[in-house]
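Read the structure below first, then the notes.
The values are calculated or read from the model by the stated rules, or taken from the named source; none is laboratory data. Model, not experiment: these values are computed from the prediction. Because the Cβ atoms are built from the backbone with ideal geometry, glycine has one as well, and the counts that use them run over all protein chains shown.
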Amino acid sequence: MITIPLAIIALGQFEPSSVIAMSIVLALLLCVSAFVSGSETAFFSLTSQQIREMKESRTQSSETIIRLLTQSDRLLATILIVNNLVNICITIISARIVDLVFVFQSATWTFVFKTVCVTFLLLLFGEILPKVLANSNPLRVARFAAPPLSALAVIVKPLASVLVRTGSSISNRFEAKRDNLSMDELSNAIDLASTDQTQEERKMLSGIVNFVNTDVSEIMKPRIDIVAVEINESYSAVKEHIIKSGYSRIPVYEESADNIKGVLYVKDLIPYIHNDDTFEWVSLLRQPYYIPAHKKINDLLEEFQATKVHLAIVVDEYGSTLGLVSLEDILEEIVGEISDESDNIETFYTKLPDGAYLFEGKTHIGDFERVMTLPEEALTDVKGEAETLAGLMLEIKRELLKKGDTVTTHGLRLTVKAVDGRRVDKIRVERMD
């Protein structure tokens, strides 16, 4: 049978005045520990907006806070030094009070009791409560704590300076060996960032992070949607194409889109706008700029800047035309949709009265996931090499699609509603639940 030894209160074996005095000192030290812990949370929880407002207010307390924050390493060293010294004193005094008040039959139980008591006091009153309170109103706590922290910083300045220099030396030594921040880590950092950011800011930051990992094939206008003119067309027909399309740069092909002869800049036609069909408009063509489908868009942006080209023809390994990409397409990956006065307001989906959606077959899978509130990359396991919603259905179905064909995936039912030749034009999407 296992028996648990009980503590015996050693009444009369100690001076009550000593225990009372040590208890008062202990309470004061806990207040100091709570003050320092709360100050740390308050100072390092201040938002950039609050800091800007304090810089503009120029009050004495604000200037003190700004001065402490400009030397954040020294401030943190001061807080840690004071907090650790105070916690050590709390541990020693608590252990002494326990020895005077309680007598245990086992040294093991003495150690356990002291550990539990000290840990409870430090965590509850020295860490948890003050940090919770400070986090609820960091600016108010920071204003209250700034003067005492300034005085403490002066007192422990010699030791803090040694710690800061030592830490900086070690940090600089390992700086060169530290791996660069990966894109996934940076993306996670943005997701965990302060809620002060607006949705537009968060979206732009995510676009910048994903910028270097995006292939041209993901943002290009596919071949079937390219507006181009045949090299043998008359000048009047070319002008009609330009007016109808509204584009400032139009590819020119011979026989098929796989044989792009050049790019026609509308601004080059302005001096000859009133010429008749005898005008040799082909002489104004500029050399086409070809790129592979798997080129990264950040590399293409640099090439656009270096060559002063705004339009590139995307080709595959056999030289066949896959699509085209413009400078505007690249910039939209960062800042979102760019519309000018000549753009028609179009949408790639329509919400139907019964709650279903009608999507264009060429809708990008990423856009489809956002509209259907699916997690990002939710369809990765089924989309294969597909980039569009029609391609997703082909990937799942594994055969040519015709009107009425249906596939189901991830709780969604996709039905072909309209086809144009072999091209899927409209797809109805409904949630199966």
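Residues of the range 30-68 being touching a helix residue (DSSP H, G or I) at 6+ places or on another chain (Cβ under 6 Å) and polar (S, T, N, Q), which ones?
Ser33, Ser37, Ser39, Thr41, Ser45, Gln50, Ser61, Ser62, Thr64
Within the range 121-130, which residues are of a type in the set (A, V, I, L, M, F, W, C) and either within 38 Å of the chain's Cα centre (by Cα) or not in a helix (DSSP H, G or I) (or both)?
Across the range 121-130, the qualifying residues are Leu122, Leu123, Leu124, Phe125, Ile128, Leu129.
Which one of these is crowded, with 17+ Cβ neighbours inside 10 Å, of a type outside the set (S, T, N, Q), touching a residue at least 12 places away in the same chain (Cβ under 8 Å) and out of contact with any Gly (no Cβ under 9 Å at 6 or more places or on another chain): Ala142, Ala77?
Exactly one residue qualifies, and that residue is Ala142.
Considering only residues of the range 59-86 that are more than 24 Å from Arg165 (Cα to Cα) and among the polar types (S, T, N, Q), which is modelled with the lowest pLDDT?
My answer is Ser61.
Hey, could you check the range 405-427 for residues that are of a type in the set (Asp, Glu) and surrounded by 15 or more Cβ atoms within 10 Å (Cβ to Cβ) and say which is nearest to Thr373 (Cα to Cα)?
Per the criteria, the residue is Asp425.
Please tell me if Val112 is part of a helix (DSSP H, G or I) and over 37 Å from the mean Cα position of the chain (by Cα).
yes
Taking the conditions exactly as written (modelled with pLDDT of 60 or more, surrounded by 16 or more Cβ atoms within 10 Å (Cβ to Cβ) and in a helix (DSSP H, G or I)), does Ile224 satisfy them or not?
The answer is no for Ile224.
Among the candidates Ala95, Ala21, which residue alone is assigned to a helix (DSSP H, G or I), small (Gly, Ala, Ser) and modelled with pLDDT of 80 or more?
From the options Ala95, Ala21, the qualifying one is Ala21.
Test of understanding: among Thr347, Thr373, which residue is more than 26 Å from Tyr247 (Cα to Cα) and surrounded by fewer than 17 Cβ atoms within 10 Å (Cβ to Cβ)?
Thr373
I'm trying to understand the selection: among the residues of the range 301-332, which are aliphatic (A, V, I, L, M), in contact with a helix residue (DSSP H, G or I) (Cβ under 6 Å, 6 or more places away or on another chain), closer than 15 Å to Lys221 by Cα and not in a strand (DSSP E or B)?
Leu327, Ile330
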